[in-house]
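Trainee: Mind looking over this structure? Questions follow.
Values quoted throughout were computed directly from the atomic coordinates according to the rules given, and no laboratory measurement underlies them. A quick note: this is a predicted structure, and the numbers were derived from the prediction, not measured. No Cβ is skipped: glycine too gets one built from the backbone with ideal geometry, and neighbour counts run over all protein chains shown.
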Amino acid sequence: MLRSINLAETTQHQSNLLHQGFKLGWYLMFFRHLMAVTAHHK
């Protein structure tokens, strides 16, 4: 019982990390695109 609860918590934690990593990657991509557009307009 305790083992399955720990597994569920671990899975939830990994899911949160994955979601945060995805958001971070999206922001990074958006920022790079923004910088490229800004550099292009100068």
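Trainee: Return the FRET efficiency for the residue pair Val37, Leu17: r is the Cβ-Cβ distance, R0 is 25 Å, and the value is rounded to the nearest 0.05.
Mentor: FRET efficiency, Val37 to Leu17: 0.25.
Trainee: What number, rounded to the nearest 500 deg cm²/dmol, is the helix-based mean residue ellipticity at 222 nm of the chain, given -39500 (n - 2.57) per DSSP H run of at least four residues and division by all its residues?
Mentor: -35000 deg cm²/dmol
Trainee: Against the longest principal axis of the chain, how steep is helix 2-41, in degrees 0 to 90 to the nearest 10, with axes from Cα atoms?
Mentor: So the helix axis and the longest Cα principal axis differ by about 0 degrees.
Trainee: Per the Debye formula with a single identical scatterer at each Cα and no solvent contribution, what log10 I(q)/I(0) holds for the chain at q = 0.16, 0.27, 0.30, 0.32 Å⁻¹?
Mentor: Debye curve over Cα of the chain, log10 I(q)/I(0) at q = 0.16, 0.27, 0.30, 0.32 Å⁻¹: -0.56, -0.83, -0.89, -0.94.
Trainee: Using 0.36 nm times the number of residues separating Leu28 and Ser4, minus their current alpha carbon distance, what extension gain do you get?
Mentor: Extra length available between Leu28 and Ser4 comes to 5.1 nm.
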